[in-house]
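The values are calculated or read from the model by the stated rules, or taken from the named source; none is laboratory data. This structure is a prediction, so every number in the text was calculated from the model and none was measured. Cβ coordinates were reconstructed from backbone atoms using ideal geometry, including for glycine residues, and neighbour counts include every protein chain displayed. The area values use the complete protein model at the heavy-atom level, side chains included, leaving out ligands, DNA and RNA. Shrake-Rupley method; radii C 1.70, N 1.55, O 1.52, S 1.80 Å.
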Amino acid sequence: MLGNLFRHLLRRPAARAPQAAAMQTPAGSNWLSEALRLQQDARNRELVTLSRSVLARQPNDVDALNFLAAALLAQGVSVEGIACLRRVIELSPAAADTYATLADVLAATGDAEGAIDNYRHAVRLRANDSDVWNKLASLLKALARYDAAESCCRAGLQADAGHATLHRTLAGVLFEQGRVDAAMVEIRAALALNPDAPAAHSELLRMLNYADAQDPVAVFREHRAWADRHARPFEIAASPHANAPDPARRLRVGYVSPYIQRHAVTFFLESVIQHHDRETLEIFLYADVQQPDDYSERLRKYGAQWRKTVGLGDAQLAQLIRDDAIDILVDLSGHTNNNRLLTFARRPAPIQVNWLGFPSTTGMASMDYRITDAWCDPPGTTEHLNSEKLVRLPGIYMAWRPPEHTPDVGLLPALESGYVTFGSFHSCFKITPTIAALWSRILGQVPGSRLKLLAISSEAARRHVRELFAGKGIASERLDFLPRLSFDAYLAEFRTVDIALDTFPYHGATTTCFALWMGLPVVVLAGATHASRADVSMLSNVGLPQLVANSADDYVEIATRQAANLDDLAATRARLRAMMLQSPITDGRGCARHLESAFREMWVTWCRERNT
C-alpha cells in the first residue's frame with residue numbers, strides 16, 4: 001500500500017544527479033543511475049542494498065537516504081523508512097518536499113497528528129504549495145476539524161485560485177458544516193476548472209438533494225447531465241450478455257457498495273440478505289471495504305459470495321461481475337461518495353437496479369430500475385424525475401434491522417425536567433433555513449422548550465445554526481449542541497429527548513428508525529420527492545400517519561400539539577418499540593420476498609425481450 005504513495009520520493013534524486021554524479025558504486029558505475037533503474041524495475045531489496053552501501057561511505061548523503069526511505073516504505077518497512085526521512089529533514093531543514101512526504105507517510109500509517117505537524121512545516125516553508133494545503137485540509141476534514149480545514153483551503157486558494165481539487169475539498173468542508181449553498185458554489189467552481197471529474201460531479205448531485213427551495217425538475221436534469229457526460233460513452237460501448245434467458249432458473253444477484261460494514265445502508269440491507277431464498281437466488285456482495293467489521297462478517301455468514309473489490313478499477317470490477325455471470329446487479333450507493341456508477345455504465349449485468357443508498361435517480365440509461373414504494377413515490381407523481389423505471393414494493397421498500405444491543409426506552413424526560421426537549425439527530429447539512437424557521441416557530445409556541453442538535457461539530461457550523469435561529473428570534477441558550485458521539489452514546493441521547501423533529505427536504509430515514517425505536521414520535525413534513533417523502537413511508541407503516549404534515553403550518557401545529565399532552569407522549573413512548581416490531585419496517589423476511597418477486601418479474605421481462 002505504501003509503495004504507490006511514495007514513488008514520487010524517487011524522482012527527487014534525479015534532479016540532484018549532477019551533484020551526485022561523482023559517487024561511484026564498487027563496480028565503478030554511477031550509483032544514482034543504477035538506483036533509478038532498480039526503482040523503475042521495482043527491485044526494492046536491491047535498492048536497499050545499494051543505498052546502504054552508499055550510506056556506509058557517505059552517511060549524510062540525502063539522495064541515498066531518500067532512495068533508502070522509498071525502497072523501505074515500498075516494502076512496508078515504515079519505521080526505518082520514517083527514520084530516514086527524519087534524518088533528511090535534520091540534514092536539510094528547509095526541504096519542504098521532505099516534510100510533505102513525511103506527512104504523507106505518517107498519515108498513511110495512522111499518525112494523524114504527526115502528519116498535520118509536518119504538513120504545516122511544509123506550507124510554512126512553501127506557502128504557495130496548493131497540493132500540500134489540500135492534503136492538510138483533507139486530513140483535518142477527515143478528523144472533523146472543519147474550522148481549521150476551511151482555513152487551509154482558503155490559504156491554498158489564495159496561492160492558486162485555479163486549483164480544482166482545493167475547491168472540491170472546500171466544498172466538502174462547507175457541506176459538512178451545513179453551509180450547503182456555499183458548498184455548491186465551490187463544487188461548481190471545481191467542475192468549471194475540471195469538468196471531466198465524475199466523482200466531483202456526483203458530489204454536486206448529492207448536495208442538490210439537500211438544498212433548500214430546490215426545483216425537482218432542474219435537479220433531475222443535473223443528474224441526466226452527469227450521465228451524458230460521464231456514463232454515456234461506456235454505455236454505448238457495452239457488450240451484450242451471454243446469460244441464459246431461462247425465466248425460471250436460479251438467479252445470480254450481486255449487490256455493490258463501499259458500505260458493507262456498520263453503516264446506515266447496512267441497517268437496511270442485512271435482514272434482506274439474511275432472509276433471501278437461497279434456492280431461487282445466489283447472492284454476491286461486491287464490497288469496497290478495506291477493513292471488514294462485525295457487520296461485514298455477519299453478512300458473509302449468511303451465505304453470500306464475498307468479493308473484495310478494493311483496488312479494482314471500474315473496468316476491472318465490471319469484468320469480475322461479468323465473469324461471475326451476474327443476472328441482476330444492485331447498486332446501493334447512487335451518487336454518494338465512493339460510488340461505482342461507472343462500473344454500472346459498462347453494463348456488466350443484463351439487469352441493473354438502484355436501491356437503498358440514494359433517494360433519487362442516477363440519471364443513467366444503463367440503470368434499468370429503481371426500487372421504491374407508493375409512499376415515497378406515489379404513482380404518477382415522480383416518474384418524470386427518474387431515468388429508471390420505478391418498481392414499488394408493497395408497503396415499504398426497505399426493512400430496518402434494530403441493533404442487537406440498545407438501551408431501554410426510559411421514561412419521558414419532560415415528566416422530570418418540567419419542559420419539552422425537541423431533538424434533531426441528523427447531520428447538520430440536513431438543517432436548511434426552511435426547517436430551522438419551522439423549528440423556531442415550534443420553540444416560540446412551546447414555552448420553555450429546548451432543541452437538542454447532534455453533530456454540529458465545528459464552531460463555524462454552530463455559528464451558522466445559531467444565526468438561522470437568531471434570525472427567527474430564538475436565543476442560542478435554548479439550543480443544546482452535541483458533538484459527534486460513539487454509537488452507544490448516540491443511542492443513549494435519545495433517552496433525553498421527548499419529540500424528534502424531522503428535517504426537510506431530506507428526511508432522516510435511518511435516524512427516524514432509531515428515534516422510533518427509542519420511543520420518540522417523529523414529526524415529518526412531506527414534500528414532492530423521494531428524499532422528502534421517505535419518512536412518510538416510515539410513519540405510515542409504523543402506524544403514526546397523524547405525525548405527517550402536508551404544509552409548514554401543519555408541521556408546526558402537529559409538533560406543538562404533541563408537546564401539549566405529556567400523558568399521550570409518555571404512552572406513545574412506551575408502546576413505540578412494540579409497534580416497530582409489529583410493522584413492515586422491521587420485517588426483513590417480508591421485504592426479501594417482495595424484493596425477490598420484483599427481481600423475478602424483471603428477469604422474466606428481460607427473458608421475454610431476449611427471446612423475441
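From the list Arg533, Arg495, Arg463, Arg478, exactly one residue is of a type in the set (Lys, Arg) and surrounded by 20 or more Cβ atoms within 10 Å (Cβ to Cβ). Which is it?
Arg533
When you scan region 472-569 for helices (runs of 4 or more DSSP H) that lie fully inside it, which ones turn up with 1 or more residues that are charged (D, E, K, R) and either under 28 Å from the mean Cα position of the chain (by Cα) or modelled with pLDDT of 95 or more (or both)?
Those helices (runs of 4 or more DSSP H) span 487-493, 534-542, 552-564.
I'd like to check something: does region 524-537 contain any residue that is touching a Lys or Arg at 6+ places or on another chain (Cβ under 7 Å) and among the β-branched types (Val, Ile, Thr)?
no
Which one of Ser138, Ser130 is of a type in the set (Gly, Ala, Ser) and within 24 Å of Arg484 (Cβ to Cβ)?
Step by step, each of Ser138, Ser130 is checked, and only Ser138 is of a type in the set (Gly, Ala, Ser) and within 24 Å of Arg484 (Cβ to Cβ).
Might you let me know whether region 572-586 holds any residue that is surrounded by fewer than 19 Cβ atoms within 10 Å (Cβ to Cβ) and within 20 Å of Leu393 (Cβ to Cβ)?
Yes, there is a match, as at least one residue in region 572-586 is surrounded by fewer than 19 Cβ atoms within 10 Å (Cβ to Cβ) and within 20 Å of Leu393 (Cβ to Cβ).
I'd like to verify a number: residues in region 448-503 that are of a type in the set (Gly, Ala, Ser) and in contact (Cβ under 8 Å) with a residue 40 or more places away in the chain, how many?
7
Exactly one condition in (1) within 23 Å of the chain's Cα centre (by Cα); (2) of a type in the set (Lys, Arg); (3) open to solvent by 50 Å² or more (accessible area, probe 1.4 Å) is not met by Arg252; state its number.
(1)
Picking from Thr266, Thr280, Thr309, which residue would you name as being polar (S, T, N, Q) and over 20 Å from the mean Cα position of the chain (by Cα)?
Among Thr266, Thr280, Thr309, only Thr280 is polar (S, T, N, Q) and over 20 Å from the mean Cα position of the chain (by Cα).
Can you name every residue in region 290-337 that is in a helix (DSSP H, G or I) and in contact with a Gly (Cβ under 8 Å, 6 or more places away or on another chain)?
Ile321
Could you pull out every one of the helices (runs of 4 or more DSSP H) wholly within region 46-114 that has 1 or more residues that are farther than 23 Å from Trp31 by Cα and without any contact (Cβ under 8 Å) to a residue 40 or more places away in the chain?
It comes to 78-91, 96-108.
Tell me the residue from Arg252, Arg224 that is basic (Lys, Arg) and either closer than 28 Å to Asp323 by Cα or at pLDDT below 95 (or both), please.
So the residue among Arg252, Arg224 that is basic (Lys, Arg) and either closer than 28 Å to Asp323 by Cα or at pLDDT below 95 (or both) is Arg252.
Looking only at residues that are under 19 Å from the mean Cα position of the chain (by Cα) and either open to solvent by 10 Å² or more (accessible area, probe 1.4 Å) or free of Cβ contacts under 8 Å to residues at least 24 places away in the same chain (or both) in region 335-357, which one is farthest from Thr510 (Cα to Cα)?
Leu342
Going through region 171-184 one residue at a time, which ones are in contact (Cβ under 8 Å) with a residue 12 or more places away in the chain, open to solvent by 20 Å² or more (accessible area, probe 1.4 Å) and not basic (Lys, Arg)?
Within region 171-184, Glu176, Asp181, Met184 qualify.
From (1) of a type in the set (A, V, I, L, M); (2) within 23 Å of Ala225 (Cβ to Cβ); (3) open to solvent by 50 Å² or more (accessible area, probe 1.4 Å), pick out the condition that doesn't hold for Val310.
Evaluating Val310 over (1) of a type in the set (A, V, I, L, M); (2) within 23 Å of Ala225 (Cβ to Cβ); (3) open to solvent by 50 Å² or more (accessible area, probe 1.4 Å) leaves (2) as the failure.
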